[in-house]
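The next block holds one structure in the form of structure tokens; read it before the comments.
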Amino acid sequence: MATLTTGLIVMRWELLSAIMMFFASTFKIKCRQSSHNLMAFVFSGVGIGMSCWFVTGLLGITLSMENFNNFLDISKHAFVDIMSQAPANWPMP
């Protein structure tokens, strides 16, 4: 019983996002059938957002401002490094 409980605690956000994806898909289908296209579009967005949350949770990616700033810093250094290696007269006319 402890193993099952621990597994549910560890997987709680992934399970929640999987359930939300299921409900978003179900509601999107119901809205399409009753010609509520705007609500179907909203539920599609919810489904896409939940699937992204599901994947980031499974991969162990933490979405925080610290990680975002780290990504921007690495990207800036890579851009500067690549541009410093480009020829001086590039692109040629």
Which members of region 52-73 meet the condition of being open to solvent by 100 Å² or more (accessible area, probe 1.4 Å) and among the aliphatic types (A, V, I, L, M)?
-> L59, L63, M65
Within region 10-36, count every residue that is more than 22 Å from G49 (Cα to Cα) and either open to solvent by 70 Å² or more (accessible area, probe 1.4 Å) or in contact with a strand residue (DSSP E or B) (Cβ under 8 Å, 6 or more places away or on another chain) (or both).
-> 2
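The values are calculated or read from the model by the stated rules, or taken from the named source; none is laboratory data. For clarity, every value in this text was computed on a predicted model and none was experimentally measured. Note that we place each Cβ from the backbone using ideal geometry, even for glycine, and neighbour counts take in every protein chain shown. These accessible areas exclude ligands, DNA and RNA; they are computed on the full protein's heavy atoms, side chains included. Shrake-Rupley method; radii C 1.70, N 1.55, O 1.52, S 1.80 Å.
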